[in-house]
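So the structure is just underneath, and the comments pick up after that.
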Amino acid sequence: MNEHALVQNLPLRPKGTGLYFDHHATTPVDPRVAEVAVRMMVEEFGNANGVENIHGERAASAVAQSKDRVAQLLRAEPDDVSFTSGSTEAIQLAIAHSISNHRGPLRIAISRAEHKAVIDTALRAERLGLAHTSWIEIDAKAQLDLESYRRILKEGVDLVCVMSANNEVGTVYPIDTIVRKANVHGADTLVDATQAIGRLPLNLGELGASYVILSGHKIYGPKGTGALISPIFDHSSVFGLQGAHHPTPNVSGIAALGFACELMELEGEAETVRLSKLRDSLQDRLCELVPGLIVNGDEVNRLPHNLHVSAPGAPNDVVLSRLRGKVSISTGSACNTGAQEPSHVLRAMGLPNSQIESCLRIGLGRTTTADDVERAAIEIASAINDVRNSLSGVIDV
Ligand code: PLP
């Protein structure tokens, strides 16, 4: 019988028309991962909290195996892994834990490039009088301004929040340096590895970060799964209002997340090489086809599957609507309701409005082929060029 017969025998195929180039927003579940999830739901349905019988024991051992797999990918300790519903919940838990671990308002330093999940949590804590926020500035490539970081560390900080790679422009951060400097100043660190996980090496054994977070749906796992990995978090947790009762674990989702991490461990490096080549050829093709196209971010230190461009004179909402049903890409800064907002990251990079208003985020993924890249380049370029032509004379480019 075929290895993935269960999923292949179901009429399951990704729906939605056109090419999918929005892998920073979410990834399709890998059929091998889906197979694990379905098997766990049907075959291993026991309650992992109720280990009084064989069904509960098997479910609990699936959760333990998943901790091993997450820990293996990050070179962390399995006991340091807690499962969450995704990165946002892991961030909220980490910041709440840090608040409960410090006296007085928590002094949080946040890079201007952080995801809204970090920024909103910190600002809410500040509004509640539980935190005080300072900002680490970024430069035109979205790299951290190390001088501003040094200044904040000197002033005194309890928790530094820096992502390992940016979800909009793909800039990769020197996490080792940032964590080391924070440790020297006695500050804890929260590393949002949501976009980098499995794509860039991350060795928590060596890094010494206090909290690291990841999300299943960015690595071909199910939505509603994620993890907080922390050597200081109390994983049997009694803090805040959490009592002794623990919610019943989402065993199928947790097992699928663990397997998604294992696939990243086995295939992530090769995928990084393959996708960065495809990304480079997409970039070259688009630059050929679109006059004056600007590539944003740090072209040297960049996520392998990320391409972020601006085409001044072609407002991105109009370009996206031309591409609807043909190629799915995004601006990268849509809020929870899906509404587009000017990106706080591009603003902090100091980009001109013409670049911000025309920015497009393109994310390649596991199933992207060279043929997809060529077709996407042609569709995206004609959408931009058509929009520019139709608007020329209407707006000043
Ligand atoms: N952090 C980063 C860098 C992200 O890209 C995202 C999602 O886009 C999140 C956090 C939030 O992740 P989740 O959807 O798992 O809550």
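Before moving on, here are some points about what is shown:
- Summed over the range 82-98, the residues that are assigned to a helix (DSSP H, G or I), of a type in the set (S, T, N, Q) and either surrounded by fewer than 23 Cβ atoms within 10 Å (Cβ to Cβ) or more than 7 Å from the ligand (Cβ to nearest atom) (or both) give a count of 3.
- Conditions (1) open to solvent by less than 30 Å² (accessible area, probe 1.4 Å); (2) free of Cβ contacts under 8 Å to residues at least 12 places away in the same chain; number of the one not met by Arg127: (1)
- Within the range 357-373, residues that are more than 11 Å from Thr331 (Cβ to Cβ) sit with their Cβ atoms under 7 Å from residues that are crowded, with 19+ Cβ neighbours inside 10 Å and charged (D, E, K, R), at 6+ positions apart or across chains, in these pairs: Leu364/Arg279; Arg366/Asp30; Arg366/Glu271.
- The residue that is nearest to Asn385 (Cα to Cα), among those in the range 323-332 that are buried (at least 19 other Cβ atoms within 10 Å of the Cβ) and touching a residue at least 60 places away in the same chain (Cβ under 8 Å), is Leu323.
- Unmet criterion (only one of (1) out of contact with any Gly (no Cβ under 8 Å at 6 or more places or on another chain); (2) more than 16 Å from Ala90 (Cα to Cα); (3) modelled with pLDDT of 95 or more) for Cys261: (1)
- The condition (being part of a loop (DSSP other than H, G, I, E, B) and of a type in the set (D, E, K, R)) is satisfied by just one residue among Glu262, Glu299: Glu299.
- The combined condition, being within 19 Å of Glu35 (Cβ to Cβ), open to solvent by 10 Å² or more (accessible area, probe 1.4 Å) and in contact with a strand residue (DSSP E or B) (Cβ under 9 Å, 6 or more places away or on another chain), is not fulfilled by Ile219.
- One residue from Asp68, Asp145 being under 27 Å from Ala334 (Cβ atoms) and surrounded by fewer than 23 Cβ atoms within 10 Å (Cβ to Cβ): Asp145
The values are calculated or read from the model by the stated rules, or taken from the named source; none is laboratory data. Just so we're clear, the structure is a prediction, and the values are computed from it rather than from any experiment. Cβ coordinates were reconstructed from backbone atoms using ideal geometry, including for glycine residues, and neighbour counts include every protein chain displayed. In case anyone asks, the SASA skips ligands and DNA or RNA and just uses the protein heavy atoms, side chains included. Shrake-Rupley method; radii C 1.70, N 1.55, O 1.52, S 1.80 Å.
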